[in-house]
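**Student:** Provided herewith is a single structure, encoded as structure tokens, for subsequent inquiry.
The values are calculated or read from the model by the stated rules, or taken from the named source; none is laboratory data. Keep in mind that this is a model prediction, so the values were computed, not measured. Here the Cβ positions follow ideal geometry from the backbone for every residue, glycine too, while neighbour counts run over all protein chains shown. These area figures cover heavy atoms from the full protein model, side chains too; ligands, DNA and RNA do not enter into them. Shrake-Rupley method; radii C 1.70, N 1.55, O 1.52, S 1.80 Å.
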Amino acid sequence: NTASPKPLYRGYEMLAKVIRPGVIRLTPAGVADGKFEAGMGAVLASKDSGGTIRVLFVNRNTSSRSASVALDGAPTTPTTVYVFDGTDDPALPLRTVAPSGSDIELPAESLVVAEY
């Protein structure tokens, strides 16, 4: 019997990076309910006891888009970015992307977690 993770597993893995014991949920400015673009996008943010902020972006659009996070009013470059989209093999570990400034690329139909 050879079992391998399914795409849903990777979705839960991304969500678990943001929702875990001891974190405080943060409310992103301008998207209090977490939805934007009529629900085609979503955002969820949290801060852990060590001060690390994690932001989960959901892009349901069939085209890519970019997003950015401002902390204390200033655009901030993430330390780590995890990406899972339709091109990724769910049997492989989550893909990490090197941040290149404060703008984060959200591929089409993807989940992205940015750590700050």
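**Student:** Using the crude model of +1 on Lys and Arg Cβ and -1 on Asp and Glu Cβ, and no other charge, please compute the dipole size for region 3-47 relative to its Cα centre, in debye to 20.
**Tutor:** 200
**Student:** Now for a separate question. Taking θ as phi - 60°, what are the ³J(HN,Hα) couplings along region 99-105 by the Karplus curve (6.51, -1.76, 1.60), each to the nearest whole Hz, with x for Gly and Pro?
**Tutor:** x, 10, x, 7, 7, 10, 7
**Student:** Ok, one more. Which of the peptides 20-27, 47-54, 100-107 is most tightly packed, and how do the rest follow, judged by the mean count of other Cβ atoms within 10 Å per residue?
**Tutor:** 100-107, 47-54, 20-27
**Student:** Under unit Cβ charges (Lys, Arg +1; Asp, Glu -1), what dipole magnitude, rounded to 20 debye, does the chain have relative to its Cα centre?
**Tutor:** 300
**Student:** Can you check what the net charge comes to around Gly50, using other residues whose Cβ is under 15 Å from the Cβ of Gly50 (Lys, Arg +1; Asp, Glu -1)?
**Tutor:** +2
**Student:** Could you compute the net charge surrounding Lys17? Neighbours are other residues with a C-beta less than 14 Å from the C-beta of Lys17; K and R count +1, D and E count -1.
**Tutor:** Local net charge: +3.
**Student:** Report the equivalent ellipsoid semi-axes for region 68-116 in whole Å, largest first, defined as the square roots of five times the eigenvalues of the gyration tensor built from alpha carbon atoms.
**Tutor:** 23, 10, 8
**Student:** With every protein chain present, what is the per residue accessible area of the chain (1.4 Å probe, Å²)?
**Tutor:** Roughly 59 Å² per residue, with all protein chains present.
**Student:** Need one number for the chain: average projected area of the convex hull over its C-alpha atoms, nm².
**Tutor:** Mean orientational projected area (the chain, Cα hull): 8.0 nm².
**Student:** Give me the percent of the accessible area of the chain that comes from carbon and sulfur atoms, probe 1.4 Å, all protein chains in place.
**Tutor:** That fraction is 55 percent.
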